[in-house]
Structure formats: structure tokens, C-alpha cells
Amino acid sequence: MPPIRDAIPTPAQETRPAQQAAPVGPGNYRKCPPINGRPSGLPNGRLRTLNKPFPYADYLCDPAGRFMLCAIPKNGCTAMKRWLLSANEPGISSDLLVHKRCRDGYSLALTPPAGRQAVLAQRPCFAFVREPLARLASAFADKFVRLAPVGYFEGARELMEEHARRSGINVELDTFAPVELAGRTLQVASSSRVDYARGLTFREFVGLVCDLPDEALDPHWRPQTSYLSVLPGVDRGDATVDDSASLVISPLHRLAEVLNGLSSRFNLAAVRVEDRLRATGDQAAPVQSGSAAEQQSGQPSGGPGELGLGRLADVPSGTLARTYWQASEIRESVGGPIGDARGQLPTAPDLFDTDLTALATARFEPDAALWRSVLQQEAPASPQRGSGPDRS
């Protein structure tokens, strides 16, 4: 099997001629209205399908009716789903199957719309939040850099197409490109006029995310507060674990503590979160949200004093991906090494400069306010565990 870095697409490899007519209907972006006066293809058919049950599809019900989980993407959602399934259907290992099984068997969206609020009112709900700029940087690093060798997932490709469209390119889905998903190769409708191999710079990514409305955003960079809007008391940032609490919001770095506490409280035969992560070789443990500095200050790793660096803000994600897998060319393009390690994913201090910080802070201010409230409720702070990258 060739090295994974060899699978990173080049412009010549990215697409193949279509063997059938370009898809129509939901995938026909030309029918979408402009956004802020600019041509737009979002929300497309995929996002409209996701929006229909939103946010109830991300609420997971304990089969015994004792509690609920709100599994916000990029906030340890896969770990939460694995934990829930380990207590009820042990043995499911594939991430694809984990997400599918939770969607098909545990989602609140399976409850008729008229009864969903009653379910929420009857059970305590546990959710986890993180500093919004760190989450945005993590989403870019994961979906645009780490996943480049497998062809990017649909949400990343859609933003690349949106950027091309706003650059004056007539984007038509006239070809197909291979995308690997949990061991399967899918043929995803694509445009021969979009340079997917280049990807987006972080500046382009943030600009699009901040300009688009919530319903046009992929779940991985949609605001956290939009997921919690159906719950009473979300503005309180109630982070106290209490038997009578209807809503328990905790910072992401307490995910293992809270889930393992629920296992003990309800006598669940769930795998301990840390043990599961070690067993699967997952080094991106979702028990930590950035560094200790992020947890204590409410700012992305490095603190506000270091966010002005942003030396990778204008490097295309395709270049970052090749660097991540090959650990080479970025050193010359940014005028020196990034830290001591090679092949690491870019972090918030690498990506955010002053302008991007201001732009994203304004767009995600409700998330930032909730994060600050949750941290205040956490005082006195629980003992900090060793810091590490959070790529949940």
C-alpha cells in the first residue's frame, strides 16, 4: 500500500471525467439565492437535509430514559457516541457505524416533532462546549488538512466550491471525485473548475464561515449555541452536575470525567473514555480542550497575546496537508519552523492573526459568551490534567 501522503491529490489527479450527466435537483447550486449580495450555492441539498431535523438529530437518548446527550460536532461527539453505544451495543468499532447507529437508534429526531420538547423537559441533558476560536481552528486542521489524503469530506468541498463561485467561477457539478469514508470509496459530485487540490487558506475559510448564515454551515463549524437553542436555560451556562438540573453544560476538557461519572451514577457497563482511547490508539484524546492556558483563560491555546502570529493563515490547506504528511515544505514558505515538531496539525496560534481573531470573535460571540459562563460556573477550577491537542 503506498504511503498515505502519496494519496494527497494534485490538480491532475483530483477529478475524473463524469460517466453520466451532472447531478440535478438538490445538487444544482445555481438555484440557491445570493447571500449578502454574493452568488451562493449554499445551503445545498445535503445541508437542507441536515437542517430538517436540526438540532434534534444531535440529541441522543438513553434507552432507559435517564438522561440525554447533546453531541455537538467537534466537541467530542464521536467519543460521546462510542461511550453511549458501549453501554448498550458493545462491539461497534467503525466511526461510520457509530454515527449511523446513533442516528438510526438513539436520536431524538426519531421522536415525532410534537413530542420532542416533552422528552427534553423530562430528562437531564449533558452537553460539552469549547472555546469557539479553538474549535474553528480544530475543524479547519482536521477537515481541510488531516483529511486531504482521502479526498476531503463534503463540507470542506462545498466551501471550496463556494469560494470559487465567489471568485467569479461558474461552478457546475460536471464530474466525480473519489472520497474515502470509513474504508469505503465514494464518488462525490464535483466541479472540474474547482481547484480542490489547493483547498482553502484559513483566511478564506474563516471569511466564508463568518459570512454565511447558520443554515448554510456544515455541522462541524456551525455555532455551538445553535445546537443548544432548543433547551431552556442555555444562556445560563449551567455547568453544575446536579440531579435536578435539566441542562448540564461542561467544558470539553471534563468530558471523560462527566461521562465516567454518569457510568457510575447509573451503573452503566460503558467503557471508560480514557481506556477506549488508549485501546483504539487514538492520540487525539477528546478529554482535553486545547492547552491548560485555553481552559483557564477562555482563549485559544497561546492566549490573546500570541494570537497575532497567524503565520499559516494564508497558506493553502493543500500545502499544509502535504506538509503534515511529508513534514517538509512549509518551513521556507513561512520563514522558519513552526514549533519543534514536524508533521503536526496547525493550531489556533498558527492560524489566527489579529484580523481573523476579530472577525471570528464577532461571528461567534454567543458561543464565546456561553464558554465564559461555563468557565465561571466551573470555579473553583477542577484539577487540570496534562495538556494535549484536541482534535475531536
Practice item. Could you run the Karplus curve 6.51 cos²θ - 1.76 cosθ + 1.60 with θ = phi - 60° over the stretch 258-269 and give me ³J(HN,Hα) per residue in whole Hz, x for Gly and Pro? Key: 6, 5, 5, x, 5, 4, 5, 5, 10, 6, 8, 8
Study note, to complete from the structure: The long-range amide H neighbours of Val129, using H built 1.01 Å from N in the peptide plane and a cut-off of under 5 Å, are Ser250, Leu252
Practice item. Please list, in chain and number order, the residues 5+ apart from Val188 or on another chain whose amide H is under 5 Å from its amide H, with Hs placed from the backbone. Key: Ala177, Val179
Exercise for review: Rank-order 185-196, 43-54 by packing density, defined as the average count of other C-beta atoms within 10 Å over each peptide's residues, highest first.
Suggested key: 185-196, 43-54
Review point. On average over all directions, what projected area in square nanometres does the stretch 55-165 have, based on the convex hull of its Cα atoms?
Key: 8.7 nm²
Practice item. Please report, as a whole percent, how much of the solvent-accessible surface of the stretch 78-196 comes from carbon and sulfur atoms (probe radius 1.4 Å). Key: 51 percent
**Study point:** Mean Cβ count within 10 Å, highest first, over the residues of peptides 200-206, 134-140
**Key:** 134-140, 200-206
Practice item. Mind putting a number on the dipole of the stretch 45-101 about its Cα centre? Charges go on the C-beta only, +1 for Lys and Arg and -1 for Asp and Glu, and I need it in Debye to the nearest 20. Key: 240 debye
Check your understanding: Spin-label point model (7 Å from Cα, Cβ direction): what's the Thr49 to Thr354 distance in nm?
Key -> 4.5 nm
Review point. Rg and Dmax of the stretch 107-194 over Cα atoms: what are they, in angstrom?
Key: 18.5, 51
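The values are calculated or read from the model by the stated rules, or taken from the named source; none is laboratory data. Small disclaimer: the values here were computed from a predicted structure and weren't measured. Quick reminder, even Gly has a Cβ in these numbers, built from the backbone with ideal geometry, and neighbours come from all protein chains shown. Note: accessible area is taken over every heavy atom of the protein model, side chains too, but ligands, DNA and RNA are not part of it. Shrake-Rupley method; radii C 1.70, N 1.55, O 1.52, S 1.80 Å.
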